[in-house]
Amino acid sequence: MAEDGKTALSFSLLMEIQRGTMATHYRGIETYKNPFDLALYAMLLHQLRPRTVIEIGAHHGGSALWFADQLTALGLDAHVHALDVVAVAGVRDPRISFHLGSALSLGATFTDAMLAALPRPWLLIEDADHQRTTTLTVMRFFDPWLQPSDWMVVEDGILTAMGVANDYDGGPHAALTQFLTERGSSYRVARDYCDFYGHNVTWNVDGWLERMASS
């Protein structure tokens with residue numbers, strides 16, 4: 001189950017790292033990823049070897065490009081699907097499909113036929129607008145589609161430790177806690193990832209989830 005949203009990072013150090021996170025670029029494109037999570041994702045990609053990465057919240061496409069490059073480096077025949085409410089204009093890559101759409105109406109983009117055809121394993125990344133309702137909607141939408149050994153990562157639960165979660169109706173961590181109350185028996189909160197650098201030294205606080213076989 002999700003814990004209390006706390007991290008071993010002090011508030012002052014957390015905010016210093018956040019300043020750097022918000023200035024991070026990959027291949028000249030805003031990416032907004034911190035070094036802890038870049039390293040954790042690299043390890044997870046090697047472990048999981050996904051054929052499909054689904055990123056909800058693409059921003060300018062920097063992280064989608066990073067994922068595509070990492071998958072190529074691993075020699076994987078994989079594809080990244082990234083969705084945002086604003087069209088991504090600065091990245092064109094055959095390994096990435098950018099979709100224009102809302103996280104609150106995912107079925108308009110990710111139809112049953114499309115999802116049924118996406119090769120496994122999947123890595124699903126929830127990184128939309130950080131509102132509790134949005135995060136919960138994304139998790140509930142993909143939950144029936146995730147199969148054992150697929151992974152779902154809920155980003156930016158760190159907003160709770162930053163003291164700004166109330167600006168997002170509780171934010172991603174509140175959504176994660178609610179979702180795991182409903183469906184927690186079907187997921188493993190991967191503490192080996194959450195706590196790799198120290199307790200929740202990740203912006204995806206308690207949010208590295210492995211889909212397990214149904215109990």
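Would you mind telling me which residue in Ser149, Ser63, Ser12 has the biggest mean-square fluctuation in a Gaussian network model of the chain, where springs connect alpha carbons within a distance under 10 angstrom?
Taking springs between Cα atoms under 10 Å, the residue moving most is Ser12.
Quickly estimate the mean residue ellipticity at 222 nm for the chain, helices only: each DSSP H run with n ≥ 4 gives -39500 (n - 2.57), and the total goes over all residues, rounded to 500. Spell out each step's value before the answer.
Working: 8 runs with 75 residues, N = 215.
My calculation for the chain gives -10000 deg cm²/dmol from helical runs alone.
Net charge near Glu126, counting Lys/Arg +1 and Asp/Glu -1 over other residues with Cβ under 10 Å of its Cβ?
Summing Lys/Arg as +1 and Asp/Glu as -1 gives -4.
On average, how much accessible surface per residue is there in the chain, in Å², for a 1.4 Å probe, leaving out ligands, DNA and RNA? Intermediate values should be presented prior to the final figure.
Working: 9140 Å² over 215 residues.
So the chain comes to 42 Å² accessible per residue, rounded to a whole number.
Just the number, please: percent antiparallel of the DSSP beta bridges in the chain, rounded to the nearest 5. Don't skip to the end; give the middle numbers.
Working: 8 of 28 bridges.
Among the beta bridges of the chain, antiparallel pairing accounts for roughly 30 percent.
Jot down the per residue volume, in cubic angstrom and as a whole number, of the convex hull over the alpha-carbon atoms of the chain. Present the calculation step by step, with values, prior to reporting the outcome.
On the way: hull volume 23.9 nm³, N = 215.
Convex hull volume per residue, Cα atoms: 111 Å³.
Among Tyr26, Tyr193, Tyr41, which one moves the most in a GNM of the chain with springs linking Cα atoms closer than 10 Å?
Tyr26
Output wanted: per-residue J couplings in Hz (rounded whole) for the range 65-73, from phi through Karplus 6.51 cos²θ - 1.76 cosθ + 1.60, θ = phi - 60°, x for Gly and Pro.
Ordered by residue, 3J(HN,Hα) equals 5, 4, 4, 4, 5, 5, 5, 5, 4 Hz.
Hey, any idea what % of the range 1-108's accessible area is carbon plus sulfur with a 1.4 Å probe?
Numbers: 3000 of 5170 Å².
Carbon-and-sulfur percentage of accessible area, whole number: 58.
Take the alpha carbon gyration tensor of the range 1-87, find the square roots of its eigenvalues, order them as a ≥ b ≥ c, and report rounded if a/c is under 1.5; if not, report prolate when a/b exceeds b/c, else oblate. Display every interim value, and only then the final one.
On the way: a/c = 1.82, a/b = 1.42, b/c = 1.28.
Judged from the Cα gyration tensor, the range 1-87 comes out prolate (a/c at least 1.5, a/b above b/c).
I need the phi-derived Karplus couplings for the range 194-204: 6.51 cos²θ - 1.76 cosθ + 1.60, θ = phi - 60°, integer Hz, Gly and Pro marked x.
My calculation for the range 194-204 gives 3, 10, 4, 9, x, 4, 6, 7, 6, 6, 9 Hz in order.
Pop out the ³J(HN,Hα) list for the range 128-136 in order, Karplus 6.51 cos²θ - 1.76 cosθ + 1.60 with θ = phi - 60°, rounded to Hz; leave Gly and Pro as x.
Taking θ as phi minus 60°, the curve returns 7, 8, 6, 5, 3, 5, 5, 4, 5 Hz for the range 128-136.
Of Gly157, Gly20, Gly61, which is the most mobile in a GNM of the chain whose springs link Cα atoms less than 10 angstrom apart?
Result for the chain, Cα springs under 10 Å: Gly20 fluctuates most.
The values are calculated or read from the model by the stated rules, or taken from the named source; none is laboratory data. Quick caveat, the model's predicted, so the values are computed rather than measured. Don't worry about glycine lacking a Cβ; one is built from the backbone with ideal geometry, like all the others, and counts go over all protein chains shown. Each accessible area value is taken on the protein alone, full model and side chains, heavy atoms only, with ligands, DNA and RNA left out. Shrake-Rupley method; radii C 1.70, N 1.55, O 1.52, S 1.80 Å.
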